[in-house]
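Novice: Submitted below is the structure of interest, expressed as structure tokens.
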Amino acid sequence: MMKKCSVKLRITVWLTALFALLFALLLGLLIAISSMVITQTAVSQLSDAVLENLGQIRYKDGKLKLSDSFQFYQSNVSTLVYSSKKSLLAGQIPVSFTVDEPFQNGLTRIVDAGEEQYYVLDMRLMAGWDDGVWVRGMIEVPHSRRVSANLLLAALVLLPPFLTLAAFGSFQIARRAFRPLENITETAQAINEASDLSRRVGMPCGNDEFSKLADTFDRLFERLERLFEAEKQFTADASHELRTPVSIIKGACEYAKKYDETPQERQETISMIYRQAARMSALISQLLNMTRLEQGTEQMQPQFVDLERLLFDWCKEQGRPSNRLILQLQPQTVYANPQLLLRLVDNLVENAFKYGKPDGHVWLSVSRSGQEVLLQVRDDGIGIPEEQKDKIWQRFYQADTSRSSGTGAGLGLSMVKQIAHILDGYMTLESVPDAGSSFTLHLPAQGHDA
Ligand code: ADP
């Protein structure tokens, strides 16, 4: 039954039960102490009164004399004086004391006198006459039960408001403690129901367990959102961009079925289909690369990279003529993933040749400027008009379709920009139409200025 209740309710019930138990224990303790104190007080009142009265007894001229300060009844104690033969000389036996109690010197005891109980203390005073006198003090044993009953009554009156307060307080504490958890649940529910991945728990940073949990959830939501967006983008891009080559292929096939007669005509159609298929395949792999970058699913651990070494080796593999791809390298170290760096350089150099003059040049240089390492790809090609300088970084944007058709799909530079961002750097562009362009990657430098 308890397991079905919320944790808040369970905490409240447990705390309230604990408070009730504490209350009962406290009450028991209070009753025990109070009855002990009452008994002690009665006993000490008895002995005080008897001792005090003892000092007030004189023997003068062979006669017993009680001074004026002798009190037969004081603080509920009745004092009596008996002769050595146990006959009452002075004082009045309380009415309810109906028994004949033998004398015992100096011993306080409880005497059962019918309906009541008495503490009785006898003191024998030896003096010059006979065998002295007996002084007897007696006090009713206090009814501690009455006190306990009063205490219990007070407790019964106090208990309900106390327990209500305890339950209310516990519930408030539990509610406050669990509020962050409720926020997390609410956010997760909202994401689930409304498919709104942009929602966050947004708890202020803290060191407690809930803040850490909320932070972990927020990061999880962020990652989910990124993955989801990248997936959406990929699907949209892929379906948009693949539509053209697919319809070209379909059209070419239909045309070939009806009109292609000679082997040469068929050969031409097959070549066209092949070109479109190659374009589709390049496009898909480029899109996949970008999606993986966006999703962060690719393992791209950064490391210290000497750019001079990395680019020199890469150039050797490219096999481009050294009079067209000119290296101007310096030994500069950056902290980056070398595969990503090369993917960026590859795209820029590819473009520089693609949009360069037929026998133009491309300069690949590395230099240092203050706290930045600059990796530059410059060409003396067609250049980029001012109004297109911002647009070329967008996905699928192609400024000069006549020259780029067949190769690329307008994704290269948007990937370059994305990589620069992942590497903690940024791109700049300078370009003069018909004179050439210069793309520069700015990366934070590692180590001292060379
Ligand atoms: P793609 O090369 O596939 O068209 P990119 O994203 O790499 O796609 O480039 C986008 C556009 O930017 C290109 O279509 C081209 O017009 C322009 N561009 C890129 N690099 C250069 C360059 N070095 N010189 C002149 N124009 C360029």
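Read-outs: derived from the displayed coordinates by stated rules, not from any lab. Keep in mind it's a predicted model, so treat the numbers as computed, not measured. As a convention, Cβ positions derive from the backbone with ideal geometry for all residues, glycine included, and neighbour counts pool all protein chains shown.
Novice: Do any trypsin sites (Lys or Arg not before Pro) in the stretch 316-362 lie in a loop, going by DSSP, with at most 15 other beta-carbon atoms within 10 Å of their beta carbon, and if so which?
Specialist: Those that pass, being in a loop and sparsely packed, are Arg324.
Novice: Could you work out how far the C-alpha centroid of the stretch 279-297 sits from that of the stretch 249-275, in angstrom?
Specialist: A separation of 29 Å, based on Cα centres.
Novice: Under 13 Å from the Cβ of Arg136, count the other residues' Cβ atoms, weight Lys and Arg +1, Asp and Glu -1, and hand me the total.
Specialist: For residues surrounding Arg136, the net value is 0.
Novice: Using alpha carbons only, how many degrees (0 to 90, rounded to 10) separate the axis of helix 7-54 from the longest principal axis of the chain?
Specialist: The answer is roughly 20 degrees.
Novice: Helix 338-354: angle to the longest alpha-carbon principal axis of the chain, degrees 0 to 90, nearest 10?
Specialist: Helix 338-354 sits at roughly 30 degrees to that axis.
Novice: Do the sum for the chain: with -39,500 (n - 2.57) for every DSSP H run of n ≥ 4, divided by all residues, what is the mean residue ellipticity at 222 nm, to the nearest 500 deg cm²/dmol?
Specialist: My calculation for the chain gives -18000 deg cm²/dmol from helical runs alone.
Novice: Roughly how many whole Å is it from the C-alpha centroid of the stretch 322-374 to that of the stretch 144-196?
Specialist: Spelled out, the Cα-based centre of one part sits 68 Å from the other.
Novice: What is the spread of the Cα atoms of the stretch 281-334 along each of their three principal axes, largest first, in whole Å?
Specialist: Result for the stretch 281-334: principal-axis Cα extents of 36, 29, 13 Å.
Novice: If you don't mind, another one. Restricting attention to the alpha-carbon atoms of the stretch 39-144, what are Rg (one decimal) and Dmax (integer), both in Å?
Specialist: Cα-based Rg and Dmax for the stretch 39-144 come out at 13.3, 47 Å.
Novice: Given all pairs of different Cα atoms, what value in angstroms does the Kirkwood hydrodynamic radius of the stretch 131-207 take?
Specialist: That comes to 18.9 Å for the stretch 131-207.
Novice: A further question on this structure: Send over the Kirkwood Rh of the chain, from the inverse of the averaged 1/r over different Cα pairs, rounded to one decimal Å.
Specialist: Numbers: mean 1/r = 0.0302 Å⁻¹.
This gives a value of 33.1 Å.
Novice: A follow-up question, please. Counting pairwise Cα distances across the stretch 137-285, what percent come out greater than 17 angstrom?
Specialist: For the stretch 137-285, the share of Cα pairs beyond 17 Å comes to 79 percent.
Novice: Enumerate the amide H contacts of Tyr426 below 5 Å, restricted to partners 5 or more residues apart or on another chain; note that Pro and chain-start residues carry no placed amide H.
Specialist: When sequence neighbours closer than 5 places are left aside, the close amide H contacts are His442.
Novice: May I have the pair-distance distribution P(r) for the stretch 26-98, computed from all Cα-Cα distances with 10 Å bins from 0 and rounded to whole percent?
Specialist: Taking every Cα pair in the stretch 26-98, the percentages come to 17, 38, 25, 13, 6, 1.
Novice: Compactness ratio of the stretch 219-365: Cα Rg over 2.2 N^0.38 Å, N = residue count?
Specialist: The value comes to 1.43.
Novice: Pop a pseudo-label 7 angstrom from the Cα along the beta-carbon direction at both Glu116 and Val246 and give the gap in nm to one decimal.
Specialist: About 11.1 nm separates the two model spin labels.
Novice: Leaving out same-chain residues fewer than 8 places away, which lysines sit with a Cα under 25 Å from that of Lys391?
Specialist: Lys232, Lys354, Lys357, Lys417
Novice: Let me check the size of the stretch 186-233 from its C-alpha atoms; what are the radius of gyration and Dmax in Å?
Specialist: According to the Cα coordinates of the stretch 186-233, Rg and Dmax are 11.6, 37 Å.
Novice: What is the stretch 344-404 by shape, rounded, prolate or oblate, if you read a ≥ b ≥ c off the alpha carbon gyration tensor as root eigenvalues and call it rounded for a/c under 1.5, prolate for a/b larger than b/c, and oblate otherwise?
Specialist: Oblate.
Novice: Right, next: Please give me, ordered by residue number, the trypsin sites (Lys or Arg not before Pro) of the stretch 46-96 that lie in loop per DSSP and have at most 14 other Cβ atoms within 10 Å.
Specialist: Numbers: sites: Arg58, Lys60, Lys63, Lys65, Lys85, Lys86; in loops: Lys85, Lys86.
Passing both the DSSP loop test and the Cβ count: Lys85, Lys86.
Novice: With Cβ to Cβ distances under 12 Å as the rule, what net charge do the other residues near Leu443 carry (K, R +1; D, E -1)?
Specialist: It works out to a net charge of -1.
Novice: Can you check what the Kirkwood hydrodynamic radius comes to for the stretch 406-445, Cα pairs only, in Å to one decimal?
Specialist: 11.5 Å
Novice: Of all DSSP beta bridges in the chain, what percent run antiparallel (nearest 5)?
Specialist: The antiparallel proportion sits near 90 percent.
Novice: Compute the angle between helix 144-194 and the longest alpha-carbon principal axis of the chain, please, reported from 0 to 90 degrees and rounded to the nearest 10.
Specialist: Once rounded, the angle reads 0 degrees.
Novice: Could you pull out every one of the lysines with an alpha carbon less than 18 Å from that of Lys250, ignoring same-chain neighbours closer than 8 positions?
Specialist: Within the straight-line limit of under 18 Å, Lys250 reaches these lysines: Lys258.
Novice: Ranked highest first by average number of other Cβ atoms within 10 Å, how do 229-235, 375-381, 155-161 line up?
Specialist: 375-381, 229-235, 155-161
Novice: Please list the radius of gyration and Dmax for the stretch 178-261, considering alpha-carbon atoms only, with Å as the unit.
Specialist: 23.5, 78
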